[in-house]
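Working notes, beginning with the structure itself.
The values are calculated or read from the model by the stated rules, or taken from the named source; none is laboratory data. In this text, all values refer to a predicted model and were calculated from it rather than measured experimentally. Here Cβ is always computed from backbone atoms with ideal geometry, including for glycine, and neighbour counts include all displayed protein chains. When the accessible area is computed, the model is the full protein with side chains, heavy atoms only, and any ligands, DNA or RNA have been set aside. Shrake-Rupley method; radii C 1.70, N 1.55, O 1.52, S 1.80 Å.
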Amino acid sequence: MATPVKVVTLTVDELDRRMEQAAYKAVAKFVKDQEEQSKDDELLTTTELVELGKYGKSRETIKRFRDQIIAENPNQKIAIKHGRNWSYRLKAFDEWFINHNEAHEEALKIDPRLRGD
């Protein structure tokens with residue numbers, strides 16, 4: 001089964017304009033994909049997580065969260081060890097943190113004595 005072929009005659013200016021448009025679309029799509037990928041895969045150190053202040057105000061708090069993440073799933077991809085240092089995938093850590101807080105709030109509704117303070 002042969003595909004029908006359509007012959008189109010373009011001037012050089014039209015061809016240049018179409019090639020530019022195609023290049024602009026391709027570059028825009030590439031840039032968008034790169035931005036999304038960089039946001040998803042952004043690695044932060046423990047110090048950078050502490051500086052954000054959203055997840056805790058001390059390195060010990062982040063360490064406690066890291067230990068909980070590893071205890072839940074030893075093969076996880078949220079906390080990554082680089083020699084002595086740890087890096088965290090921001091999006092995955094944020095999702096885990098939100099789920100952890102929701103589960104903790106539900107547990108407090110059941111038994112308020114679980115409150116740590």
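Given their separation in residues at 0.36 nm each and the Cα-Cα distance between them, Glu14 and Ala103 gain 26.0 nm when the chain is fully extended.
Using only Cα atoms, tell me the angle between helix 90-110 and the longest principal axis of the chain; keep it within 0 to 90° and round to the nearest 10. Value to nearest ten degrees: 40.
For the chain, what is the relative contact order in percent, using Cα pairs closer than 8 Å and at least 6 residues apart in sequence?
Values: 65 pairs, mean separation 24.0, N = 117.
Rounded, it is 21 percent for the chain.
Enter the accessible area per residue of the chain (Å², integer; probe 1.4 Å; all protein chains in place). Intermediate results must be reported in sequence, preceding the final value.
On the way: 9700 Å² over 117 residues.
Solvent-accessible surface per residue comes out at 83 Å².
If the limit is 28 Å between Cα atoms, which of Lys81/Lys109; Lys25/Lys77; Lys29/Lys91; Lys77/Lys109; Lys54/Lys81; Lys57/Lys77 go over it?
Lys81/Lys109; Lys25/Lys77; Lys77/Lys109
For the stretch 48-94, the percent of C-alpha pairs falling in each 10 Å distance bin, counted from 0 to the bin holding the largest distance, reads 26, 63, 11. Helix 59-72 and the longest principal axis of the Cα set of the chain meet at an angle near 80°.
Quick one: length gained pulling Ala22 to Ala71 fully straight, 0.36 nm per residue minus the C-alpha distance?
12.7 nm
Taking amide H as placed 1.01 Å from N in the peptide plane, the amide H of Glu42 sits under 5 Å from that of Leu90, Lys91, each at least 5 places away or on another chain.
Local charge for Ser58 was computed over the other residues whose Cβ lies under 12 Å away, with Lys and Arg +1 and Asp and Glu -1, and equals +2. Taking Phe93, Phe30 and ordering them by how much accessible surface each has at a 1.4 Å probe, largest first, produces Phe30, Phe93. Scaled against the 2.2 N^0.38 Å expected of a compact globular protein of N residues, the Cα radius of gyration of the chain reads 1.85. Note on the chain: with neighbouring protein chains present and a 1.4 Å probe, carbon and sulfur make up 54 percent of its accessible heavy-atom surface.
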